[in-house]
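I have placed the structure first, in the form of C-alpha coordinates, so that the comments after it can refer back to it.
The values are calculated or read from the model by the stated rules, or taken from the named source; none is laboratory data. Computed from a predicted structure; not experimentally measured. So basically every Cβ, Gly included, is an ideal-geometry build from the backbone, and we count neighbours across all protein chains shown.
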(Lines give C-alpha, C1' and ligand atoms only; values in the text may rest on other atoms or scores of the structure.)
Protein backbone atom coordinates (compact mmCIF):
# COMPACT_ATOMS: atom_id res chain seq x y z
CA UNK A 1 0.00 0.00 0.00
CA UNK A 2 2.81 2.41 0.84
CA UNK A 3 4.44 1.83 -2.56
CA UNK A 4 1.19 2.85 -4.26
CA UNK A 5 0.97 6.08 -2.28
CA UNK A 6 4.65 6.99 -2.72
CA UNK A 7 5.98 5.54 -5.96
CA UNK A 8 9.72 5.44 -6.36
CA UNK A 9 11.07 8.46 -8.23
CA UNK A 10 11.82 7.76 -11.85
CA UNK A 11 15.29 8.28 -13.19
CA UNK A 12 15.61 10.75 -16.06
CA UNK A 13 16.69 9.27 -19.35
CA UNK A 14 20.41 9.71 -19.83
CA UNK A 15 21.51 12.06 -22.59
CA UNK A 16 22.57 10.24 -25.75
CA UNK A 17 26.28 9.71 -26.06
CA UNK A 18 28.00 12.16 -28.37
CA UNK A 19 28.52 10.89 -31.89
CA UNK A 20 32.16 9.76 -32.13
CA UNK A 21 32.22 10.32 -35.90
CA UNK A 22 33.84 13.61 -36.94
CA UNK A 23 33.08 14.57 -40.54
CA UNK A 24 34.96 17.19 -42.51
CA UNK A 25 33.00 20.28 -43.46
CA UNK A 26 31.48 20.18 -46.94
CA UNK A 27 33.48 21.92 -49.62
CA UNK A 28 31.99 25.28 -50.62
CA UNK A 29 29.77 24.98 -53.67
CA UNK A 30 29.95 27.58 -56.44
CA UNK A 31 27.31 26.15 -58.76
CA UNK A 32 29.62 24.20 -61.02
CA UNK A 33 27.59 21.54 -62.84
CA UNK A 34 29.88 18.58 -62.58
CA UNK A 35 30.87 15.86 -60.19
CA UNK A 36 31.44 18.67 -57.67
CA UNK A 37 27.68 19.24 -57.48
CA UNK A 38 27.01 15.58 -56.73
CA UNK A 39 29.78 15.54 -54.13
CA UNK A 40 28.32 18.63 -52.44
CA UNK A 41 24.85 17.09 -52.21
CA UNK A 42 26.34 13.85 -50.86
CA UNK A 43 28.36 15.74 -48.24
CA UNK A 44 25.30 17.66 -47.02
CA UNK A 45 23.24 14.45 -46.89
CA UNK A 46 26.00 12.65 -45.01
CA UNK A 47 26.02 15.39 -42.36
CA UNK A 48 22.23 15.23 -42.05
CA UNK A 49 22.19 11.48 -41.40
CA UNK A 50 25.33 11.41 -39.24
CA UNK A 51 24.21 14.28 -36.98
CA UNK A 52 20.39 14.09 -36.93
CA UNK A 53 20.27 15.93 -33.60
CA UNK A 54 21.96 18.95 -35.22
CA UNK A 55 19.64 18.97 -38.23
CA UNK A 56 16.21 17.82 -37.00
CA UNK A 57 14.18 19.84 -39.51
CA UNK A 58 14.27 20.48 -43.23
CA UNK A 59 14.87 24.15 -42.44
CA UNK A 60 18.01 23.32 -40.47
CA UNK A 61 19.26 21.15 -43.33
CA UNK A 62 18.65 23.92 -45.86
CA UNK A 63 20.38 26.44 -43.59
CA UNK A 64 23.41 24.15 -43.38
CA UNK A 65 23.54 23.66 -47.14
CA UNK A 66 23.16 27.36 -47.92
CA UNK A 67 25.97 28.25 -45.54
CA UNK A 68 28.36 26.48 -47.93
CA UNK A 69 27.06 28.08 -51.13
CA UNK A 70 29.32 30.69 -52.70
CA UNK A 71 29.17 33.31 -55.43
CA UNK A 72 26.11 33.17 -57.68
CA UNK A 73 24.95 29.94 -56.06
CA UNK A 74 24.27 31.75 -52.79
CA UNK A 75 21.54 33.76 -54.52
CA UNK A 76 19.61 30.62 -55.47
CA UNK A 77 18.28 30.16 -51.95
CA UNK A 78 17.42 33.81 -51.32
CA UNK A 79 13.66 33.45 -52.04
CA UNK A 80 13.47 30.49 -49.63
CA UNK A 81 15.40 32.35 -46.93
CA UNK A 82 13.15 35.40 -47.34
CA UNK A 83 10.14 33.14 -46.92
CA UNK A 84 11.59 31.51 -43.80
CA UNK A 85 12.90 34.62 -42.05
CA UNK A 86 10.58 37.35 -43.28
CA UNK A 87 7.38 35.42 -44.05
CA UNK A 88 7.47 36.64 -47.65
CA UNK A 89 5.69 34.67 -50.33
CA UNK A 90 7.83 32.71 -52.75
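The residue that is farthest from residue 37 (Cα to Cα), counting only those in region 60-90 that are part of a loop (DSSP other than H, G, I, E, B) and touching a helix residue (DSSP H, G or I) at 6+ places or on another chain (Cβ under 6 Å), is 88. Within region 16-28, being under 13 Å from the mean Cα position of the chain (by Cα) and surrounded by fewer than 14 Cβ atoms within 10 Å (Cβ to Cβ) holds for one residue alone: 25. Can you tell me which residues in region 17-37 are farther than 19 Å from residue 62 by Cα and touching a helix residue (DSSP H, G or I) at 6+ places or on another chain (Cβ under 7 Å)? Residues satisfying the conditions are 19, 21.
When the residues of region 42-59 are filtered to those that are outside any loop (DSSP other than H, G, I, E, B) and touching a helix residue (DSSP H, G or I) at 6+ places or on another chain (Cβ under 7 Å), which remaining residue is surrounded by the fewest Cβ atoms within 10 Å (Cβ to Cβ)? This residue is 59. Yes or no: residue 57 in contact with a strand residue (DSSP E or B) (Cβ under 6 Å, 6 or more places away or on another chain) and more than 16 Å from residue 24 (Cα to Cα)? Here the answer is no, as residue 57 does not meet what is asked. Examine region 7-22 for a residue that is modelled with pLDDT under 95 and in contact with a strand residue (DSSP E or B) (Cβ under 9 Å, 6 or more places away or on another chain), and state whether such a residue exists. The answer is no, given that none of the residues of region 7-22 is modelled with pLDDT under 95 and in contact with a strand residue (DSSP E or B) (Cβ under 9 Å, 6 or more places away or on another chain).
Checked against (1) at pLDDT 85 or above; (2) over 19 Å from the mean Cα position of the chain (by Cα); (3) assigned to a loop (DSSP other than H, G, I, E, B); (4) at negative phi, residue 31 passes all but a single condition, namely (4).
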